[in-house]
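Below is one structure, written out as structure tokens, with a few remarks after it.
The values are calculated or read from the model by the stated rules, or taken from the named source; none is laboratory data. These figures come from a predicted structure and were not determined experimentally. Cβ: placed from backbone, ideal geometry, glycine included. Neighbour counts: every protein chain shown.
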Amino acid sequence: IHFSSVYTFSTHSLVTTESEKINKMCDVEHCFSVVEQIVKSAGTVLAEGFTKTKKVDTKTSSSDLVTEYDKRIESLIMADILKKFPTHKFIGEETTSTEGLTNDPTWLIDPIDGTNNFVHGDENCVISVALAVNKILEIGIVYSPIKDQFFSAKKGKGSWLNGKPIHVSGVTDVKQSLLGFEISLAYVPKIKEMLLRRLAAIVSEAHGKPI
């Protein structure tokens, strides 16, 4: 018997990497089932505020808006997740983590994705939540309580709309495609000009138009 080999095997089997520790802390399927209900509950707040007059503030520019509902929904989601997963971390639209993204289970939250639309009563506003573990996205959720559409995705397992599998189409030619886009985040004039030039070239060939 080569004792050095036995010793090497034994010590290797006892060593748990940091990545393995983190994975044990985070059962992705359990995380999904919990957060699915949390996001749906938060959706009632978005729906409640959709037709109401909002208190609107600006952040980085006159078109970068935030409402009391953004803050309320983000706080609600974070608080409810922490009750179930007290060691998890967060990067939110309104309360960005100073640590940034680490290997720890981290929830990325945009409480109202489409705040400008929300402010103006346009139904294209959703709650977006994702879970990253070891800096890899494992879960994605996009919920529109206004349209009653719950999109979800899990790494390596597919995507769903209201629990039914969805897939991209088989279309490979832009001329046969429907195109939708939004560029309000391009605040820098040069970047916006560049995007508009590129989009103009694509839109002229496709079936779609700007939204």
Seminar exercise, completed: When (1) surrounded by 11 or more Cβ atoms within 10 Å (Cβ to Cβ); (2) part of a loop (DSSP other than H, G, I, E, B); (3) modelled with pLDDT of 95 or more are applied to SER63, the one that fails is (3)
Exercise. What are the residues in the stretch 148-175 that are surrounded by 12 or more Cβ atoms within 10 Å (Cβ to Cβ) and over 22 Å from GLY114 (Cβ atoms), if any?
Worked result: LYS154, LYS155, LYS157, VAL174
Exercise. If you go through the stretch 120-157 one residue at a time, how many are more than 24 Å from PHE90 (Cβ to Cβ) and in contact with a Lys or Arg (Cβ under 7 Å, 6 or more places away or on another chain)?
Worked result: 1
Seminar exercise, completed: Within the stretch 90-122, of all residues that are of a type in the set (Asp, Glu), part of a loop (DSSP other than H, G, I, E, B) and without any contact (Cβ under 8 Å) to a residue 60 or more places away in the chain, the one surrounded by the most Cβ atoms within 10 Å (Cβ to Cβ) is GLU93
For this session: Search the stretch 72-89 for residues being of a type in the set (Val, Ile, Thr) and within 16 Å of the chain's Cα centre (by Cα), and hand back the single one that is surrounded by the most Cβ atoms within 10 Å (Cβ to Cβ).
Result: ILE73
Problem set entry | Test result for THR53, modelled with pLDDT of 80 or more, touching a strand residue (DSSP E or B) at 6+ places or on another chain (Cβ under 9 Å) and polar (S, T, N, Q) | no
For this session: Kindly check whether there is at least one residue in the stretch 114-128 that is more than 28 Å from LYS71 (Cβ to Cβ) and either hydroxyl-bearing (Ser, Thr, Tyr) or in contact with a Ser or Thr (Cβ under 8 Å, 6 or more places away or on another chain) (or both).
Result: no
For this session: Being assigned to a loop (DSSP other than H, G, I, E, B), of a type outside the set (Val, Ile, Thr) and either under 19 Å from VAL129 (Cβ atoms) or out of contact with any helix residue (DSSP H, G or I) (no Cβ under 8 Å at 6 or more places or on another chain) (or both) is the filter here, so list the residues in the stretch 35-60 that pass it.
Result: LYS52, LYS59
Seminar exercise, completed: Picked from the stretch 18-50 (must be more than 16 Å from ILE146 (Cα to Cα) and among the small types (Gly, Ala, Ser)), the residue modelled with the lowest pLDDT is SER19
Seminar exercise, completed: Taking first residues from the stretch 123-138 that are assigned to a strand (DSSP E or B) and second residues anywhere that are of a type in the set (D, E, K, R) and surrounded by fewer than 23 Cβ atoms within 10 Å (Cβ to Cβ), the pairs with Cβ under 6 Å that are 6 or more apart or on different chains are VAL126/ASP113; SER128/ASP110; SER128/ASP113; LEU131/GLU138; GLU138/LYS155
